Amino acid sequence: MKITTVGRQMTVPEDIKALVEKKLSKMDKFFRKEGTATVSFSRKHGKECLEITINAANTLFRAEVEAESFRDALDRSVDLIERQIRKNKTRLAKRLRENAFADDTPAEAAVEEDEGEIIRVKKFSLKPMTVEEAVMQMNLLNHQFYVFKNLDGGDTCVVYKRTDDGYGLIIPEE
């Protein structure tokens, strides 16, 4: 697995980079060697923050953890991603074995707002998928919504989590 480490307003120590390599190499049993991982380190409000995003077979796995140390955050993040894989094992098994991790994986999309000011913009390519795949992808990313191109009809749609623990689907009207 190709691993990229990013330090946000900090330099990541070499021993932590080596530990990340060691921990994420255990994920190769799920992703073969073609998966890519981005590990972001930052400090927020006196806590160590670690975010891991793994792209494999057009599927994103993501975990974000705050802890007292990067080592603790790394352990918890890896456990969270393994739990996501185990929870969705039957749905993911076919995709993880057949596609051999295509390189056109979409990036996650998020726009954060602060008093009407856009402070972050992310671009991503829309991958055609079914509504069920979009819901699974949203849950794997632990997001509240997910934008995708609907396989049935080619419309750009949005799935979202409802407060009643259900899901909603927004389809554009012609």
Counted residues in segment 40-54 being in a strand (DSSP E or B) and over 11 Å from the mean Cα position of the chain (by Cα) come to 9
Residue, surrounded by the most Cβ atoms within 10 Å (Cβ to Cβ), within segment 137-155, restricted to residues that are among the aliphatic types (A, V, I, L, M) and closer than 14 Å to L169 by Cβ: M138
Taking interchain pairs and intrachain pairs at least six residues apart, which have beta carbon atoms under 7 angstrom, with the first residue in segment 141-166 and free of Cβ contacts under 8 Å to residues at least 24 places away in the same chain and the second crowded, with 16+ Cβ neighbours inside 10 Å and assigned to a loop (DSSP other than H, G, I, E, B)? F148/K127; K149/K127
Which ones in segment 1-39 are at pLDDT 85 or above, under 15 Å from the mean Cα position of the chain (by Cα) and within 17 Å of D79 (Cα to Cα)? L24, A37, T38, V39
Are there strands (runs of 3 or more DSSP E) fully within segment 120-174 with at least 1 residues that are under 17 Å from the mean Cα position of the chain (by Cα)? List them. 145-150, 156-161
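The values are calculated or read from the model by the stated rules, or taken from the named source; none is laboratory data. On a predicted model such as this, the values are computed, not experimentally measured, just so you know. Neighbour counts run over all protein chains shown; Cβ positions are idealised from the backbone, glycine included.
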